[in-house]
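Working notes, beginning with the structure itself.
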Amino acid sequence: MGPEPVLTGAGEDIDPEFSRDGRKLLYAPTRTSFALTILNLSTKNTREVIEHSDQLVAPNFSPNGDHVSFFSHQNDGEIHLFTIQPDGTNLTQVTRGKGERNSMPHWSADGSSLYYYQSGPTQSFRKIRIGATENSLVVEGDGTRKTMLASMSHKN
């Protein structure tokens, strides 16, 4: 017996991510809009976490499963990080810097921070504490290691 499809709906389903307990599959279906959806693997029930006209990319469950991180392309060309609870509540924009292009968020092991890549205005690998007002530059685009703090505004 060969591989069998898990998701069979029309359109493309991208960026699959399993919950740490293996009971849920988080993915981004792309139809007429963009969404983040959770499939309960035992019941086969799906629940849409969020739907938006802007791209919702690279969803990840936090280590304890109580939040989902992702990045979204904004109309002004900026790309920012967001978190949301799996039930669709408490959508929070994590990065807000003017002209920034932040992508590929990954949770720290304890779930207190997100590591991510910033491709503009400078190239660097960064870390931001969830709920904090500053972010740290971890690695410059040229590979040098520096620490830089930048003021950030957060939505609660």
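Filter the range 39-55 down to the residues that are aliphatic (A, V, I, L, M) and over 14 Å from the mean Cα position of the chain (by Cα), then identify the one that is farthest from residue 85 (Cα to Cα).
That would be 41.
Here are the criteria: (1) hydroxyl-bearing (Ser, Thr, Tyr); (2) buried (at least 18 other Cβ atoms within 10 Å of the Cβ); (3) modelled with pLDDT under 95. Tell me which single one residue 62 does not satisfy.
(3)
Could you list, in sequence order, all residues of the range 80-94 that are among the hydrophobic types (A, V, I, L, M, F, W, C) and surrounded by 18 or more Cβ atoms within 10 Å (Cβ to Cβ)?
Listed by number, the residues that qualify are 81, 82, 84, 94.
Quickly run through the range 10-54 and pick out the residues that are touching a residue at least 12 places away in the same chain (Cβ under 8 Å), closer than 22 Å to residue 75 by Cα and either of a type in the set (Ser, Thr, Tyr) or not in a strand (DSSP E or B) (or both).
30, 31, 33, 53, 54
For the subset of the range 95-130 comprising residues that are outside any strand (DSSP E or B) and either acidic (Asp, Glu) or within 10 Å of the chain's Cα centre (by Cα) (or both), which member is surrounded by the fewest Cβ atoms within 10 Å (Cβ to Cβ)?
Looking at residues that are outside any strand (DSSP E or B) and either acidic (Asp, Glu) or within 10 Å of the chain's Cα centre (by Cα) (or both), I get 110.
When you check residue 77 against the structure, is it surrounded by 15 or more Cβ atoms within 10 Å (Cβ to Cβ) and assigned to a loop (DSSP other than H, G, I, E, B), yes or no?
no
Just to be sure before I move on: is residue 15 touching a strand residue (DSSP E or B) at 6+ places or on another chain (Cβ under 9 Å) and at positive phi in the structure I sent?
Answer is yes for this residue.
The values are calculated or read from the model by the stated rules, or taken from the named source; none is laboratory data. Please read these numbers as outputs of a predicted model, since none were measured by experiment. Every residue, glycine among them, receives a Cβ derived from its backbone with ideal geometry; neighbour counts consider all protein chains shown.
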